[in-house]
Amino acid sequence: MADFAYAAINSHGQHVSGTITATSRDEAIKNLREQGNRPLTVKEAKSKAGGINISRNKVKTKDLVIFTRELSTMISAGVALPKSLDTLAGQTENKYFHQVVSGIKHDVESGTPLADGLAKYPRVFSDVYVNMVRAGEAGGILDEIMKKLAIQQEKDAAIKAKVKSATTYPLVLLTITIIAFFVLTIFVVPKIGDLVLNLGGPNAKIPPQTVAMLAVSKFLRHQWYIVLLVMVGGPILFNRWRRTPKGKQKFDAILLKIPVIKVIVTKVAIARFARTFSSLMGAGVTVLESLEVTSKALGNYVIAQELIKAAAEVREGRQLSQALEKSSLFPPIVSQMLAVGEETGKTDVVLIKVAEFYEEEVDAVVGSLSSILEPVMIVVMGSMVGLIAASVIGPITSLNQSIGS
């Protein structure tokens, strides 16, 4: 999305100007014409805050949850939608989100459905969000849908926060270990090497591990730019590769082959599937449309493809529970609970129970992961420092023995 400054003539023949948010200049012109304006000039406006283009800023999950819950409350209270959006735009501290909500309010005032206004900002509002709002508008239950969306976003945010919390301490330990390795290798090892050579002479026998550490130290001191390039450029190239369709497919497949990670990724995806699919079904969205939208919200390409295959079987007349029954990624409990929901006509209610069950499972696994990772990282850190210490102390001990004899 970008901001475009425009000058136009409105339906009353008056000259008007301002800014409009759109994905391209052509879309900005189209939106202005739909609002009854005749564009004269439309140019991209570089809106900056502190030297940063705010159109590139992201909206935090917390801001989106607050927006969703407050909009639900105001709609339930009978406040007009444009007025609600105007109030929420004034309350947000995120400048980019303020522009987004103001743009949506402008669209709604022009007669555009709320869902279509949200769809113009795909970086802020996901396909799941937009489709649920569209279903809520069609069924006249927008306030209920917004409540479900807020709950769903809070659950997703809670899962992400717990995973982040479980991995923060091990990552800190890993960072400290890497820094300690570089400091010892670059500054301490060379001095010890010089000391050994000075005391033992050119024919001094140096243990293999010390020779290896001296070689690593020499490389780091003289080819430091290569190490820096790999450490900085490596993650950037990896992230770019991971964002490509092929890269995402391979990376997600690799995650499902790592023992502990596989359990977490699968349980998170199942919880998202159950809650998202339940919300869409409860909003009156058809099964096939719900499956299509839900597949985009799972967060793992391989599991999403499994759900798309199930959707193809549903299209051919099979029940979803039967389609997922033979899946190796969806646990049996999911197909069994789905079968109960299909028989009773309460699929959305049953799947909420499944979502709650797997969210609790994720909490338990993440807690176990945290307790496992911390000692593992301590062992890794101790082993690395111990290796360096052995490389340093070994030759000194040998020299002392030689001198003593």
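The values are calculated or read from the model by the stated rules, or taken from the named source; none is laboratory data. This one's a predicted model, so the numbers in the text were calculated from it and none came from an experiment. Every residue, glycine as well, gets a Cβ built from its backbone with ideal geometry; the counts of neighbours run over all protein chains shown.
The table below gives the values:
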{"read-out": "Some residue of segment 141-159 being more than 15 Å from Leu64 (Cβ to Cβ), in a helix (DSSP H, G or I), assigned by TED's automatic domain parsing to the domain that holds Phe357 and at pLDDT below 85", "value": "yes"}
{"read-out": "Breaking point among (1) at pLDDT 90 or above; (2) surrounded by 16 or more Cβ atoms within 10 Å (Cβ to Cβ); (3) under 29 Å from Thr244 (Cβ atoms); (4) not aliphatic (A, V, I, L, M), for Ser335", "value": "(3)"}
{"read-out": "Residue in segment 172-200 that is surrounded by the fewest Cβ atoms within 10 Å (Cβ to Cβ), counting only those that are in contact with a helix residue (DSSP H, G or I) (Cβ under 8 Å, 6 or more places away or on another chain) and among the β-branched types (Val, Ile, Thr)", "value": "Ile176"}
{"read-out": "Residue in segment 342-356 that is part of a loop (DSSP other than H, G, I, E, B) and surrounded by fewer than 16 Cβ atoms within 10 Å (Cβ to Cβ) present", "value": "yes"}
{"read-out": "Any hit, segment 12-24, residues being at pLDDT below 80, touching an Asp or Glu at 6+ places or on another chain (Cβ under 8 Å), among the aliphatic types (A, V, I, L, M) and crowded, with 18+ Cβ neighbours inside 10 Å", "value": "yes"}
{"read-out": "Residue within segment 71-83 that is in a helix (DSSP H, G or I), at pLDDT below 90, among the charged types (D, E, K, R) and surrounded by fewer than 18 Cβ atoms within 10 Å (Cβ to Cβ) present", "value": "no"}
{"read-out": "Residue satisfying all of: in segment 271-292; β-branched (Val, Ile, Thr) and surrounded by 22 or more Cβ atoms within 10 Å (Cβ to Cβ); nearest to Ala150 (Cα to Cα) among these", "value": "Thr276"}
{"read-out": "Which numbered condition Arg272 fails, given (1) farther than 30 Å from Glu137 by Cβ; (2) assigned to a helix (DSSP H, G or I)", "value": "(1)"}
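Residue-by-condition table, conditions (1) among the acidic types (Asp, Glu); (2) touching a Phe, Trp or Tyr at 6+ places or on another chain (Cβ under 8 Å); (3) assigned by TED's automatic domain parsing to the domain that holds Glu360; (4) modelled with pLDDT of 90 or more:
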residue: Leu256; (1), (2), (3), (4): no, no, yes, yes
residue: Thr276; (1), (2), (3), (4): no, no, yes, no
residue: Ser279; (1), (2), (3), (4): no, no, yes, no
residue: Glu292; (1), (2), (3), (4): yes, no, yes, no
